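Written out below as structure tokens is the structure these notes cover.
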Amino acid sequence: MIIGIILLLIALAEFILGLYLIFSYQRSQATMWYGLFALGISFYVASNGLGYMQNNFYIAERMGWLGGLMTAIFILPFSWTFPLPRKKVNEILPYVIWPLAVFVPGIFWTSIFLSGNGVIDYIKGYQTSPGPYFWFMLIFFFAYWIWALANLVYRFTKSDGQHRWMLKMILVGIGLSLLVSVVFDIIYPLVAISKIGYVGSLFSAIWLGFTSYIILKK
């Protein structure tokens, strides 16, 4: 119960931060995309909080995967626009719209990506129940993340001064968060019953605040 409350409060703070970043888009296009990325993390963290509070695995699992996919969907546009934009919004939108149109209804209203359902004792552990097209969703997730990280690394190698330092901190922050989240929220629940899903949520919260400060400071 206490862990659930803490996670929900963290998710609320991240949601507010995401909205603030979105409505600070006048600073740069990258700020808006990172705000949407932050909303994805807030859904991901809230899913663990709801699991501990209600033991509703159906909602928690699907909300968590939606949040994770949102991070992949919106980190790619961010990688094209930070620290300076290389693509216009109308060029980026197709890369955002099609996955949302496919995965949101597919996750919540079908069993093609996730087959688990019902209520379980979340505190005693949970395990991912893949649907027939789960691996397509997983391939998409890693493809968008790898693409985005490659873009940011390329920008890092071509930049200098403050931009180089900012890109380094962004890469360290989101890279570590991604690694921890993948291990504790994707790999581990696929091969065993997980009781530590909150680890990735707590770790991502720390780095989200740090990287958001860097972006707003730009």
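Summary table below
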item: Test: residue in the range 72-83 that is hydroxyl-bearing (Ser, Thr, Tyr) and either assigned to a helix (DSSP H, G or I) or touching a strand residue (DSSP E or B) at 6+ places or on another chain (Cβ under 8 Å) (or both); result: yes
item: Count - residues of the range 149-186 that are within 17 Å of GLY68 (Cα to Cα), hydrophobic (A, V, I, L, M, F, W, C) and modelled with pLDDT of 80 or more; result: 8
item: Unique residue being surrounded by 18 or more Cβ atoms within 10 Å (Cβ to Cβ), among the aliphatic types (A, V, I, L, M), touching a Leu at 6+ places or on another chain (Cβ under 6 Å) and touching a residue at least 24 places away in the same chain (Cβ under 8 Å) when the list is ALA11, ALA30, ALA60; result: ALA60
item: Residue pairs meeting the criteria (Cβ under 6 Å; at least 6 apart or on separate chains; first closer than 14 Å to LEU190 by Cα, in the range 127-139; second aliphatic (A, V, I, L, M) and modelled with pLDDT of 90 or more); result: GLY131/ILE112
item: Within the range 64-93, tally of residues that are more than 18 Å from PHE142 (Cα to Cα) and not basic (Lys, Arg); result: 10
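Every residue, every condition in (1) modelled with pLDDT of 90 or more; (2) small (Gly, Ala, Ser); (3) more than 28 Å from LEU202 (Cβ to Cβ), yes or no:
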position: ASN48; (1), (2), (3): no, no, no
position: MET53; (1), (2), (3): no, no, no
position: GLU61; (1), (2), (3): no, no, no
position: GLU91; (1), (2), (3): yes, no, yes
position: ILE97; (1), (2), (3): yes, no, yes
position: ALA101; (1), (2), (3): yes, yes, yes
position: VAL104; (1), (2), (3): yes, no, no
position: VAL119; (1), (2), (3): no, no, no
position: LYS124; (1), (2), (3): no, no, no
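The values are calculated or read from the model by the stated rules, or taken from the named source; none is laboratory data. Only a predicted model underlies this, so the values are computations on that prediction, with no experimental measurement involved. Here the Cβ is made from the backbone with ideal geometry for all residues, glycine too, and neighbour counts use every protein chain on show.
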